[in-house]
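Visitor: Pasting in a structure now, in structure tokens, and then I'll have a few things to ask.
The values are calculated or read from the model by the stated rules, or taken from the named source; none is laboratory data. As the structure is a computational prediction, the values presented were derived from the model and not from experiment. Counting neighbours? That spans all protein chains shown, and the Cβs are built from the backbone with ideal geometry, glycine included. Please note that ligands, DNA and RNA were not included when accessible areas were found on the heavy atoms of the full protein model with its side chains. Shrake-Rupley method; radii C 1.70, N 1.55, O 1.52, S 1.80 Å.
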Amino acid sequence: MIEADFAVVGIGELATPFGPAPKTGQALSQLRVEQDAAVAARAGAIVYVGRRTDFERQVRLRPHATVLDAQGGTVLPGFVDAHTHLVFAGWREAEFDARLGGATYREIAARGGGILSTVRATREASREALAALVRERLDAILALGTTTVEIKSGYGLSTAEEIKLLEAVREAARGHPVQVVPTCLAAHTIPPEYRERRTRYLDRIVEEILPQVAQTGLARYADAFVDDQALGLQEARRVLEAARDLGLGVRLHADQFADEGAAALAAELGAASADHLEFASPEGLERMARAGTCGVLLPAASFFLMMERRPPGRELVRAGVPVVLATDFNPGSCPCEAMPAALWFGCLWGGLRVDEAITAATLNAAYALGLAETTGSLEVGKRADLVVHAVPNRYHLVYRFGVPRVRAVVAGGRLVVPAGDPPQLR
């Protein structure tokens with residue numbers, strides 16, 4: 001008999017990708033689907049996934065085991081949000097209204113708004129205040145079904161401030177049910193005090209920030225934003241090569257507003273992911289596919305920015321790139337922390353099918369963060385992270401868009417979010 005200390009029964013439909021490797025092409029839509037299913041876990045890991053009838057014959061619950069009734073709902077793996085800027089202070093709602101009046105994201109950035117306005121507010125906040133904000137936001141995304149999240153720095157843009165942000169992330173993540181993967185984005189843009197001496201700021205990143213981050217283990221990855229308002233291609237190359245030499249994984253904000261050649265650079269560097277990609281060239285996507293670099297779609301961001309160019313969901317699938325869906329949660333270009341919304345926009349705006357979006361938001365996202373061996377699918381031996389959605393089947397997750405329908409969240413084999421309103425986000 002299989003012994004378990006936690007179980008979910010009464011599952012109307014269970015849907016999950018499978019395996020430790022990312023899915024590409026036609027395989028992106030291949031899910032294991034079970035009706036009238038059950039899941040059991042022991043010590044935080046899954047020990048059984050399958051039909052309820054087999055569960056009753058094969059699984060023995062330990063005394064005082066927790067049993068959750070899904071009440072006919074749909075169970076998916078916990079969402080893995082592989083791209084967020086969750087550590088920041090202040091909001092930018094006035095910029096949003098300016099965009100509604102016709103101003104572009106780049107015009108706002110050119111007159112001192114955008115990323116730099118968040119940098120000013122974040123520098124003024126203490127590490128303790130930022131840690132409190134991060135923890136509240138972790139609570140909020142957990143209630144929306146996210147059980148693993150990547151968090152980027154990038155609103156400090158100095159050695160002391162970038163370290164402060166990453167320390168705040170570490171402090172907030174300690175003991176929290178959400179798995180946190182920190183990324184150093186000191187190469188988010190050039191801070192105003194270095195505008196006339198860009199190379200000196202890049203020196204700081206390469207010689208001070210990244211070595212401290214690597215030595216202290218404050219981040220697993222480094223990232224860079226290639227854009228005419230941020231870093232040039234060769235500047236990003238320098239930063240990410242230095243990060244790679246220090247043992248950090250690398251990621252890249254790539255080709256969001258123009259084809260800068262960043263997708264090809266990500267492939268050349270063996271990056272874990274290239275993110276955004278609205279203007280990536282077919283050649284860049286082909287190189288990513290050959291390199292195994294994930295393509296992270298951020299469709300809520302392009303929708304929020306009212307971009308005419310849609311996310312290249314079908315292009316990524318056709319090219320054989322491992323497709324990932326994420327929120328891009330940040331105060332300027334995507335103040336939305338909900339992975340259910342990433343699915344809505346991934347399908348309705350980015351061209352994915354429902355099953356493709358589920359894989360992109362779970363297993364492929366876990367792979368992009370180096371966690372697919374343990375996270376991202378409902379399989380024996382993996383971490384027991386799952387979400388009960390109050391819908392009769394997985395298609396309703398997008399078909400009935402606009403309202404998340406999370407009934408319960410399980411993280412590490414523990415019920416962490418019962419039914420109820422999600423925490424409010426500050």
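Visitor: For the stretch 92-102, give me each residue that is of a type in the set (A, V, I, L, M, F, W, C) and surrounded by 15 or more Cβ atoms within 10 Å (Cβ to Cβ).
Guide: Selection gives F96, A98.
Visitor: Does at least one position in the stretch 152-161 carry a residue that is basic (K, R) and touching a residue at least 40 places away in the same chain (Cβ under 8 Å)?
Guide: Yes - at least one qualifying residue is present in the stretch 152-161.
Visitor: Any idea which residue in the stretch 269-313 is nearest to A341 (Cα to Cα), counting only those that are part of a strand (DSSP E or B) and of a type in the set (G, A, S)? Reasoning before the result, please.
Guide: Let us first name the residues in the stretch 269-313 that are part of a strand (DSSP E or B), namely 273-276, 294-297.
Remaining after also requiring of a type in the set (G, A, S): 273-274, 295.
Numbers: S273: 21, A274: 21, G295: 18 Å.
Of everything passing the filter in the stretch 269-313, G295 is nearest to A341 (Cα to Cα).
Visitor: If the Cβ limit is 8 Å and pairs must be 6+ apart or interchain, which residue in the stretch 106-117 that is more than 21 Å from T84 (Cβ to Cβ) pairs with which residue that is assigned to a loop (DSSP other than H, G, I, E, B) and open to solvent by 20 Å² or more (accessible area, probe 1.4 Å)?
Guide: Note: pairs meeting the criteria are R106/D228; R106/Q229; R106/F257; A110/Q229.
Visitor: Looking at R106, R57, which one is under 22 Å from R195 (Cβ atoms), open to solvent by 30 Å² or more (accessible area, probe 1.4 Å) and in a helix (DSSP H, G or I)?
Guide: R106
Visitor: Tally time: how many residues in the stretch 91-102 are touching a Phe, Trp or Tyr at 6+ places or on another chain (Cβ under 9 Å) and at pLDDT 95 or above?
Guide: Step one: list which residues in the stretch 91-102 are touching a Phe, Trp or Tyr at 6+ places or on another chain (Cβ under 9 Å), which gives 95-96, 99.
Next, from what is left, pick out any that are at pLDDT 95 or above: none.
The number of residues fulfilling the criteria is 0.
Visitor: Of the residues that sit in the stretch 166-177 and are over 18 Å from the mean Cα position of the chain (by Cα) and in a helix (DSSP H, G or I), which one is surrounded by the most Cβ atoms within 10 Å (Cβ to Cβ)?
Guide: Ranking the qualifying residues of the stretch 166-177, first place goes to A168.
Visitor: Let me ask something else. State which residue is nearest to the chain's Cα centre (by Cα) when the search covers only the stretch 6-16 and only residues that are of a type in the set (V, I, T) and open to solvent by less than 10 Å² (accessible area, probe 1.4 Å).
Guide: Among those that are of a type in the set (V, I, T) and open to solvent by less than 10 Å² (accessible area, probe 1.4 Å), it is T16.
Visitor: Right, here's the next one. For the stretch 17-26, which positions are at pLDDT 95 or above and either surrounded by 15 or more Cβ atoms within 10 Å (Cβ to Cβ) or farther than 13 Å from R353 by Cβ (or both)?
Guide: Across the stretch 17-26, the qualifying residues are P17, F18, P22, K23, T24, G25.
Visitor: Which ones in the stretch 228-261 are touching a Phe, Trp or Tyr at 6+ places or on another chain (Cβ under 9 Å) and more than 24 Å from V169 (Cβ to Cβ)?
Guide: D228, Q229, D255, F257, A258, D259, E260, listed by residue number.
Visitor: Still on this structure, please answer the following. In the stretch 45-54, what count of residues is obtained for those that are under 10 Å from A384 (Cα atoms) and open to solvent by 20 Å² or more (accessible area, probe 1.4 Å)?
Guide: Number of matching residues: 2.
Visitor: Let me ask another. Please state which one of V80, V180 is in a strand (DSSP E or B), β-branched (V, I, T) and surrounded by fewer than 22 Cβ atoms within 10 Å (Cβ to Cβ). Give the derivation first.
Guide: Values: V80 fails: surrounded by fewer than 22 Cβ atoms within 10 Å (Cβ to Cβ).
None of the others qualify; the one that does is V180.
Visitor: Something else about it: Every residue in the stretch 34-44 that is assigned to a strand (DSSP E or B) and exposed (fewer than 15 other Cβ atoms within 10 Å of the Cβ), please.
Guide: Q35
Visitor: Next up: Can you tell which of G156, G145 is touching a strand residue (DSSP E or B) at 6+ places or on another chain (Cβ under 7 Å), open to solvent by less than 10 Å² (accessible area, probe 1.4 Å) and not polar (S, T, N, Q)? Step through it out loud before you land on a result.
Guide: Values: G156 fails: touching a strand residue (DSSP E or B) at 6+ places or on another chain (Cβ under 7 Å).
Just a single option satisfies the conditions, and that option is G145.
Visitor: Would you check if there is a residue in the stretch 191-202 being touching a Lys or Arg at 6+ places or on another chain (Cβ under 7 Å) and buried (at least 16 other Cβ atoms within 10 Å of the Cβ)?
Guide: The answer is yes; a qualifying residue exists.
Visitor: Same structure, new question: Would it be correct to say that V324 is open to solvent by less than 20 Å² (accessible area, probe 1.4 Å) and farther than 17 Å from V149 by Cβ? So that I can check it myself, show each step before the final result.
Guide: Numbers: open to solvent by less than 20 Å² (accessible area, probe 1.4 Å): yes; farther than 17 Å from V149 by Cβ: no.
No: the conditions fail for V324.
Visitor: Also, I was wondering about something else. Across the stretch 123-137, which residue is surrounded by the fewest Cβ atoms within 10 Å (Cβ to Cβ) among those that are in a helix (DSSP H, G or I), hydrophobic (A, V, I, L, M, F, W, C) and out of contact with any Lys or Arg (no Cβ under 8 Å at 6 or more places or on another chain)? Reasoning before the result, please.
Guide: Our first condition is that a residue be in a helix (DSSP H, G or I); within the stretch 123-137, this holds for 123-124, 127-137.
From what's left, hydrophobic (A, V, I, L, M, F, W, C): 129-134.
Subset that is out of contact with any Lys or Arg (no Cβ under 8 Å at 6 or more places or on another chain): 129, 131-132, 134.
Working: A129: 13, A131: 22, A132: 16, V134: 23.
By that ranking, first place goes to A129.
Visitor: Looking at the stretch 221-241, can you tell me whether even one residue there is open to solvent by 30 Å² or more (accessible area, probe 1.4 Å), closer than 24 Å to E124 by Cβ and either under 20 Å from the mean Cα position of the chain (by Cα) or touching a residue at least 12 places away in the same chain (Cβ under 8 Å) (or both)?
Guide: yes
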